[in-house]
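Engineer: There's a structure below that I have some questions on.
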Amino acid sequence: MIRNILIVGDSLSMVRPDQGIQLTDTYAYKLQLELKKSVVINASLRANDSNNVLTANYIYETLQSFKPDLIVYFLGVVDCMPRLFTKKEHRIVGLLMAIKLVRPLVKAVIRYKSKKRLWYTKNKLKQYVTLTQWERNLDRFIATADSNIIFVNIPSPGAKLKERNYAIEKIIDEYNSILSTKAKKNSCRLLDLNKITRQNPNLLLDDGYHISSEAHDVIFKELLVYITLPD
């Protein structure tokens, strides 16, 4: 019997009260309610990516401390998303915003880049985790986890996301392709959320990548089937 289930995710697996996603709507909560003899830990973090879940702190606080029988790995959108600033640049921007004298100039740069986002994402692609790093990180996590893993792939992008980010659908497909290959190679199950959201775009919120309460319910039901299937 599966006693400990660990969810490794980003904001897509978390509450969004301002957009109607309450705790009771999340797939993690529903799994715990259904699987009364199991313990479900949602170790999701906002802006979480495949680099962060390999840090010593995250591994100690989740994998080593909890020793899960099963991991639900639902990451990727933070990794692959086109950015206007690298992580280092983002930290510098944050520091400069704290300086009153230069704040208006920093805001002007942000506004300019945001207005030209499509151009920047086409001609100066910046990502928190490159495709090569994503592949390497998946290998490392699988080797470190020492648990059964169910991978949930990156949802199909909604209209707003595609409108503002050049070739985002192609980018997501590339990251999902690597995820699918790793899942198959390591005999891990894969929940194809990309296909589900492509067929049902209404499962996405208006921003084009966060998921609705209905999507949480779909994930819950799909995961429940996987979890209760015999090995």
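The values are calculated or read from the model by the stated rules, or taken from the named source; none is laboratory data. For clarity, every value in this text was computed on a predicted model and none was experimentally measured. Neighbour counts run over all protein chains shown; Cβ positions are idealised from the backbone, glycine included. Note: areas computed on protein heavy atoms with side chains; ligands, DNA, RNA excluded. Shrake-Rupley method; radii C 1.70, N 1.55, O 1.52, S 1.80 Å.
Engineer: Quick check on Asp79: is it of a type outside the set (Gly, Ala, Ser), more than 30 Å from Leu205 (Cα to Cα) and surrounded by 13 or more Cβ atoms within 10 Å (Cβ to Cβ)?
Structural biologist: no
Engineer: Check off (1) surrounded by 19 or more Cβ atoms within 10 Å (Cβ to Cβ); (2) assigned to a helix (DSSP H, G or I); (3) touching a Lys or Arg at 6+ places or on another chain (Cβ under 7 Å) for Leu118 and give me the number that stays unchecked.
Structural biologist: Of everything listed in (1) surrounded by 19 or more Cβ atoms within 10 Å (Cβ to Cβ); (2) assigned to a helix (DSSP H, G or I); (3) touching a Lys or Arg at 6+ places or on another chain (Cβ under 7 Å), Leu118 misses just condition (1).
Engineer: Kindly indicate the residue of the stretch 211-231 that is exposed (fewer than 15 other Cβ atoms within 10 Å of the Cβ) and in a loop (DSSP other than H, G, I, E, B) and also modelled with the highest pLDDT among those meeting that condition.
Structural biologist: The residue in question is Leu229.
Engineer: If only one of Glu61, Glu135 is farther than 29 Å from Glu174 by Cβ, among the acidic types (Asp, Glu) and assigned to a helix (DSSP H, G or I), which one is it?
Structural biologist: Being farther than 29 Å from Glu174 by Cβ, among the acidic types (Asp, Glu) and assigned to a helix (DSSP H, G or I) holds for just one of Glu61, Glu135, which is Glu61.
Engineer: Restricting attention to the stretch 121-159, report how many residues are surrounded by fewer than 16 Cβ atoms within 10 Å (Cβ to Cβ) and over 18 Å from the mean Cα position of the chain (by Cα).
Structural biologist: Residues that pass the stated criteria total 8.
Engineer: Determine if the stretch 198-210 includes at least one residue that is among the aliphatic types (A, V, I, L, M), open to solvent by less than 30 Å² (accessible area, probe 1.4 Å) and more than 28 Å from Thr86 (Cα to Cα).
Structural biologist: Scanning the stretch 198-210, I find at least one residue that is among the aliphatic types (A, V, I, L, M), open to solvent by less than 30 Å² (accessible area, probe 1.4 Å) and more than 28 Å from Thr86 (Cα to Cα), so the answer is yes.
Engineer: Here's something else I'd like to know. Could you list, in sequence order, the residues of the stretch 145-169 that are in a helix (DSSP H, G or I), within 18 Å of Leu203 (Cβ to Cβ) and in contact (Cβ under 8 Å) with a residue 40 or more places away in the chain?
Structural biologist: Those that are in a helix (DSSP H, G or I), within 18 Å of Leu203 (Cβ to Cβ) and in contact (Cβ under 8 Å) with a residue 40 or more places away in the chain: Ala159, Lys160, Leu161, Lys162, Ile168.
Engineer: Restricting to the stretch 64-115, what's the tally of residues that are assigned to a strand (DSSP E or B) and among the hydroxyl-bearing types (Ser, Thr, Tyr)?
Structural biologist: Of the residues in that region, 1 qualify.
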